[in-house]
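What follows is calculated from the coordinates using simple rules that are stated; it is not laboratory data. Since the model is a prediction, treat every value here as computed from it, not as a measurement. Neighbour counts run over all protein chains shown; Cβ positions are idealised from the backbone, glycine included.
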Ligand SMILES: [Fe+2]
Ligand SMILES: [Fe+2]
């Protein structure tokens, strides 16, 4: 069973800065003959506010002709407790209308793949508690299956014990709850997106994969904290057999290399009140 993880496509019919990377990605996916495609979020440029971005991106995903699952990113449904784009019931409903559930289970060979909504973590929304209860239920019901998680924002950048990294990883409190589950259930794999970097490492027996974006790289203008990983575009191929999950981060032929730094003022302009309130330091502004 072959699964392809793609991430951070940042698609929009109105802001077409990264659209031309879709065709080579779609062509390459077709050549891989996957059984399932998993999108780990930031499907859209601004689905959190622009419904048309969600509609357009979902149409492109359906156009792959391969069954897919997706989890939302901050640009798709907003961020927890964000001042301008908080994740909320209305935004979740819009996501679900176009992409289906923001949390899901796929049983593949002897593995249970669990996708969930990292944007709810620390949000205080009612859905956050419902998702936590659901996660405990589906983890327990996995029984002897090996478990792989798919979410947008990585649990941590360097260490499960690290402090608050702001925009870049899950906040310490929901993170410790999740890390406890990773250990208790010996989660085999945690795959994420969001960082627009490629990285593959093992921590405490769990493999962590940062799936690269197929749209753009993030340079110094965004003031990310120091972190591991490679600045490269691409995707991840998983070959799952009973007893083995093979994973490799790979290049996708034909992708044009772009840096958000060069176009951030067009793609993610800050409003004047935000410009006064916060220094340039986060994409979701
Ligand atoms: Fe992204
Ligand atoms: Fe993101």
Check your understanding: Most exposed first by the Cβ proxy, i.e. fewest other Cβ within 10 Å, how do 169, 33 rank?
Key -> 33, 169
Study note, to complete from the structure: By the Kirkwood definition, with r running over pairs of different Cα atoms, the chain has a hydrodynamic radius in Å of 18.8
Check your understanding: Anyone know which of 21, 204, 88 comes out most mobile in the 10 Å Cα GNM of the chain?
Key -> 204
Review point. Is it possible to state the helix-based mean residue ellipticity at 222 nm for the chain, with each DSSP H run of 4+ residues giving -39500 (n - 2.57), the sum divided by total residues, to the nearest 500 deg cm²/dmol? What is it?
Key: -8000 deg cm²/dmol
Point to revise | Antiparallel content of DSSP bridges confined to the chain, in %, to 5 | key: 50
Study note, to complete from the structure: In a Gaussian network model of the chain with springs linking alpha carbons closer than 10 Å, the residue among 171, 223, 197 that fluctuates most is 223
Check your understanding: Where does each of 142-152, 36-46 land if you order them by average Cβ count within 10 Å, highest first?
Key -> 36-46, 142-152
Check your understanding: What residue among 224, 191, 48 shows peak mean-square fluctuation when the chain is described by a Gaussian network model with Cα springs under 10 Å?
Key -> 224
Review point. Measuring from a point 7 Å past the Cα of residue 177 along Cα-to-C-beta, which residues in the range 201-237 have an amide N at less than 13 Å?
Key: none
Review point. For residue 107 and residue 1 in the same chain, what is the full-extension length gain: residue separation times 0.36 nm, less their Cα-Cα distance, in nm?
Key: 37.1 nm
